1. Work out, step by step, the length gained on full extension between residue 316 and residue 262: first 0.36 nm times the residue separation, then minus their alpha carbon distance; give nm to one decimal.
2. So what's the angle, to the nearest 10 degrees on a 0 to 90 scale, between helix 119-186 and the longest Cα principal axis of the chain?
3. Return the distance in nm (one decimal) between the two label points of a simple spin-label model at residue 255 and residue 147, each offset 7 Å from Cα along Cα→Cβ.
4. Over region 232-358, what is the relative contact order in whole percent, taking alpha-carbon pairs under 8 Å and six or more residues apart?
5. With a 10 Å radius around each residue's Cβ, average the other Cβ atoms per peptide and rank 181-189, 86-94, highest first.
6. Can you give the relative contact order of the chain as a percent, counting alpha carbon pairs under 8 Å and 6+ residues apart?
7. Note the per residue figure in Å³ for the convex hull of the C-alpha positions in region 145-222.
8. If you take semi-axes √(5λ) of the Cα gyration tensor in Å from the coordinates, which of (1) 38, 23, 18; (2) 74, 27, 17; (3) 59, 33, 20 do you get?
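Each value in this text was obtained by applying a stated rule to the coordinates, not by laboratory testing. These numbers were taken from a predicted model, which means no experiment stands behind them. With ideal geometry, Cβ positions are generated from the backbone for all residues, glycine too; neighbour counts draw on all protein chains shown.
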């Protein structure tokens, strides 16, 4: 073989060897994409692990439920609070009724003594009086038990709302970071080259692409729907002598400055303000004893406001205590009968009140069952 030809063949061999070595040193496209944190979903898509994390966050199930544990906790504890407060109101009405019944029986006993009624009649009246007193004592004990448990229930609701809010904030942060990562990967030359290599020879066929997947997009929309159920507003507070006050609208038209009192169980209005807004306790309205900050006990009638609004938030059918005339100088108080419907924060330095309202999550509706087509008989 001539020397020149041998040199040409030797050079070609070196070229082939160099090409082979270069190909062997290049990672396969699957390995490149995996190194970027991507995983294959189905046959045509590479996605980030944040997609699965979002799906798990939105689709976690209790064994017997249809909503996530944090949502279920918020729903259940809120329901317990509402039931306890409704029962407390019923117990107070029962107590008022029993007090009136006992008063009438006592009058009957006095009339029997005055008129010289028989011993049997008087004994029956005394037995009735004692029975009513026993029932009143039972109602009193139930009232005390519920009233003692309500503060803890309200704290549980506030804590559940905070956990639910934090869960949504964490999931939103996950979504934002996942979308940002997708934007970076779309501009990555290595990712583009790996996808081009995978799609070589797939002309006319479905192309292999980078996420996000349609499932992730739907999950993001679901998250946005949950976020819309949480409304928030920050309200400026007026401060005087260390006391914060704000403007409230009663029954849609009466503007009343009220002192923000998170320790008051009810909205409280002095008689002059109650008269101005058209409120008056009737003889059939229940009454309660309120303990003032200075330790005094006063008797107040309970009425229900058609509505009370602070900022953009309105609560309908709100219990309100009407203070006696002896307390005409007392300021109106915005208490828990309004505040309990919200999660709230007070910024003392900034003189701001932040209210957040939560729509209580419910079970997800199940899709209607598909009807089976009837087979025609031949």
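1. 17.5 nm
2. 20 degrees
3. 3.7 nm
4. 34 percent
5. Per-residue mean Cβ counts within 10 Å order the peptides as 86-94, 181-189.
6. Taking the mean separation of contacting Cα pairs over the length of the chain, I get 18 percent.
7. Value for region 145-222: 110 Å³ per residue.
8. (2)
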